[in-house]
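Engineer: This is the structure I want to talk about, given as C-alpha cells.
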Amino acid sequence: MKVNIKYPLKQLILALSMFLGLTFSAEAADRVTIGISPSLTATLNVIAKQQGYFSQMGVDVDLRTIESGSKAVVMMLNDEIDISESSIYALVVNSFKRKDFKIYSQVSISGNDNMIVARKDRGIKKITDLKGKKVGVLKGAFPQYVLDLMLLNAGLDSKKIQLVMEENDRLYKMLSSGELDAVCFYGGWADKATNILKNNAVLFHDEKLVRVTVVHAGKTKTFERNPAMFSRILKAYMMAEEYVKKNPDAAMKAVVEYLKLDMKNAKEVWKPKMVHVALEQSLIKDMENLAQWQIDTGLQSGGKIPNFLDYIYFKSLTAAEPKRITITH
C-alpha cells in the first residue's frame, strides 16, 4: 500500500515532541544566530536561552553579543548573523538605501538609557559646559540622535561641540585616555566608562527624553526560508516574557550576570514590563520621526521617508499570536 506523507519528517517530529512535552536534540533543532546588545534589552533572548525555551520550540539559538545594535545590523545585512537586535535607528538609516530586510518583532520598549559620560577634570558640571569640548558618539547610531536631543533641550547647538564619531570600543579608549572630554554611551558601555573614570565621571541622563524601541530584524530571504521557525522563536520569547513577569528580580540578575553589566546601574533602569513581543502601530510612527530627523539634519541628502510597512514581516507573529499586532496593514 502506498502511503502519502503530507508533512516533512521534521515537522512531524516537532508536533509529536511538543505534544509529548519533549525537548529537541541539537540534531533535530533548526539553527539560528542572533546578535544581541550588551543591554537589558536582550532580556528575552537571555531568559529564553537559559530557561530552555528555545530548545522546547525546536530551535538551536547561538546568542552572539555584539558591541552595538548598529554593528549587529551591518552583520545581519552582510549575512554574518541571521537576526540583529537593535534600536530602530540603524534600520531606519539602512532603509534609505536597502529593501532586502524586515523587522519581525519588537522585543523591548523602554525609557532612554543613553547618557553622556563626561570628565569632571575638564570643568564639566552641566551639559552646557560641553560647548567647545570634544564629544564622542557611536557613528551612525541611535546615541547620536539622543545626544542631539539632549543638547537641544539644554539650549546648546550641536554645532558648538567638536563631534567625534567612532565605534564604541574606540570611544571608550579615547575617553579613558583623555582624548575625549565626554561620550554618549548606553548599557554596558556606560557602565564601563563610569567604572574606569570613577570619581572623575559626571553623568547626564534623561530617561523620559525618548522612547527606545528595540526590534529584531533579518534579511527577507532568511524569513522566507523557514517562516515556521521564527514563529516558534517568538513563542519562546513569549514564554520568557511570562517568566520575567513572575520572576522579575531573578530575570534581571540572570541578564546582568550573562552580559556582565553593572548591577547598581541595571537596577536604576530595570522595568520588567519593558520586554514585550509585539508589532505596535507606534513602531511605524517612531521610524518615520527618525527618518525625518535624518533628512532634516542632512544625514540623508535628497531622500524621502520610506514606506515602513514594507519593512515589517507580519507572518511569524500572525502565526504565533496575532492579537499582539496593532499595526494597520
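Engineer: So how strong a dipole does the range 130-252 carry about its Cα centre when Lys and Arg Cβ are +1 and Asp and Glu Cβ are -1, to the nearest 20 debye?
Structural biologist: Details: 19 positive and 14 negative charges, 56 e Å.
Here the range 130-252 has a charge dipole of around 280 debye.
Engineer: Could I ask something else about it? In debye, nearest 20, what is the charge dipole magnitude of the chain about its Cα centre with +1 on Lys and Arg Cβ and -1 on Asp and Glu Cβ, if you could check?
Structural biologist: On the way: 46 positive and 36 negative charges, 39 e Å.
Once rounded to the nearest 20, the dipole reads 180 debye.
Engineer: While we're here: Taking other Cβ within 10 Å of each residue's Cβ, how do Met174, Met287 sort, fewest first? Please report the intermediate quantities before stating the final value.
Structural biologist: Numbers: Met174 17, Met287 23.
Final ranking by Cβ density, sparse to dense: Met174, Met287.
Engineer: What number, in percent, do you get for the relative contact order of the chain if the mean sequence gap of Cα pairs under 8 Å and at least 6 apart is divided by its residue count? Don't jump to the answer; show the numbers that get you there.
Structural biologist: Working: 567 pairs, mean separation 80.7, N = 329.
Relative contact order here is 25 percent.
Engineer: Within a Cβ distance under 12 Å of Asn200, other residues only, what is the Lys/Arg minus Asp/Glu net charge? Provide the component values of the computation, followed by the final result.
Structural biologist: Details: positive: Arg119, Lys120, Arg122, Lys198; negative: Asp121, Asp181.
Surrounding charge for Asn200 is +2.
Engineer: Any chance you could give the angle, 0 to 90 degrees and rounded to 10, that helix 142-153 forms with the longest Cα principal axis of the chain?
Structural biologist: Between helix and principal axis, roughly 40 degrees.
Engineer: With angles folded into 0 to 90 degrees, how steeply does helix 187-197 sit against the dominant principal axis of the chain? Use alpha carbons for both and round to 10.
Structural biologist: 40 degrees
Engineer: Please work out the FRET efficiency for the pair Leu152 and Thr326, using the Cβ-Cβ distance as r and a Förster radius of 35 Å; give the result to the nearest 0.05.
Structural biologist: On the way: r = 30 Å, r/R0 = 0.87.
Efficiency at R0 = 35 Å is approximately 0.70.
Engineer: Would you list Met229, Met165 from fewest to most Cβ contacts within 10 Å?
Structural biologist: Numbers: Met229 21, Met165 14.
Ordered from fewest to most neighbouring Cβ atoms within 10 Å, Met229, Met165 come out as Met165, Met229.
Engineer: Further question: Give the shape of the range 239-329 as rounded, prolate or oblate, defined through the alpha-carbon gyration tensor: a ≥ b ≥ c are the square roots of its eigenvalues, a/c under 1.5 means rounded, and otherwise the shape is prolate if a/b is larger than b/c and oblate if not. Each step should come with its number before you reach the end.
Structural biologist: Numbers: a/c = 3.32, a/b = 1.49, b/c = 2.23.
Since a/c reaches 1.5 but b/c is at least a/b, the shape of the range 239-329 is classed as oblate.
Engineer: Could you state the angle between the C-alpha long axis of helix 9-20 and the longest principal axis of the C-alpha atoms of the chain, as a value from 0 to 90 degrees rounded to the nearest 10?
Structural biologist: 90 degrees
Engineer: Match the structure shown to one of the listed values (i) 26.1; (ii) 21.7; (iii) 20.9 of Kirkwood radius over Cα pairs in Å, computed from it, and give that label.
Structural biologist: Working out Kirkwood radius over Cα pairs in Å from the coordinates points to (iii).
Engineer: Shifting gears a bit: Between Ala228 and Lys173, what is the FRET efficiency for a Förster distance of 30 Å, r being their Cβ-Cβ separation, to the nearest 0.05? Mind showing how you got there, number by number?
Structural biologist: Details: r = 44 Å, r/R0 = 1.48.
Approximately 0.10, to the nearest 0.05.
Engineer: Let me ask something else about it. Please rank Glu85, Glu321, Glu224, fewest neighbouring Cβ atoms within 10 Å first, as an exposure proxy.
Structural biologist: On the way: Glu85 28, Glu321 14, Glu224 11.
Starting with the residue having the fewest Cβ neighbours, the order is Glu224, Glu321, Glu85.
Engineer: Quick one: if you stick a label point 7 Å off each Cα along the C-beta vector at Asp296 and Asp100, how many nm between them?
Structural biologist: Between Asp296 and Asp100, the simple spin-label model gives 3.3 nm.
Engineer: Quick check: pseudo-label points 7 Å beyond the Cα along Cα→Cβ at Glu280 and Lys131, how many nm apart are they?
Structural biologist: Spacing of the two 7 Å Cα→Cβ label points: 3.8 nm.
Engineer: Sticking with this structure for a sec: Under the rule of at least 5 residues apart or a separate chain, name every residue whose amide H is placed under 5 Å from the amide H of Asp60.
Structural biologist: Here Asp30, Arg31, Val32 satisfy the definition.
Engineer: Next up: For Val73, what charge total do you get from the other residues with a beta carbon under 13 Å from its beta carbon, if Lys and Arg give +1 and Asp and Glu give -1?
Structural biologist: Working: positive: Lys71, Lys97, Arg98, Lys102, Lys139, Lys219; negative: Glu67, Asp79, Glu80, Asp82, Glu85, Asp100.
Value of the local net charge: 0.
Engineer: Using Cα-Cα distances under 8 Å and only pairs 6 or more residues apart, what relative contact order does the range 115-204 have, in percent?
Structural biologist: Numbers: 144 pairs, mean separation 42.8, N = 90.
Reported relative contact order: 48 percent.
Engineer: To the nearest 500 deg cm²/dmol, what mean residue ellipticity at 222 nm is calculated for the chain from DSSP H runs of n ≥ 4 alone, each contributing -39,500 (n - 2.57), summed and divided by the residues? Display every interim value, and only then the final one.
Structural biologist: Values: 14 runs with 141 residues, N = 329.
Computed ellipticity for the chain at 222 nm equals -12500 deg cm²/dmol.
Engineer: How large is ³J(HN,Hα), in whole Hz, for each residue of the range 222-236 in order, when computed from phi with the Karplus curve 6.51 cos²θ - 1.76 cosθ + 1.60 and θ = phi - 60°, using x for Gly and Pro?
Structural biologist: 5, 5, 5, 5, 7, x, 5, 4, 6, 5, 5, 4, 5, 5, 5
Engineer: Right, something else. Quote the relative contact order of the range 179-329 in percent (integer), defining contacts as alpha-carbon pairs under 8 Å separated by 6+ residues.
Structural biologist: On the way: 79 pairs, mean separation 41.3, N = 151.
Contact order relative to length: 27 percent.
Engineer: Counting only DSSP beta bridges with both residues in the chain, what percent are antiparallel, rounded to the nearest 5?
Structural biologist: Numbers: 23 of 42 bridges.
Percent antiparallel among DSSP bridges in the chain is about 55.
Quick note: the coordinates plus some simple rules give every number you see, no bench work behind them. Everything quoted here is computed from the prediction, not taken from an experiment. Cβ sites come from the backbone with ideal geometry, for glycine too, and all protein chains shown count toward neighbours.
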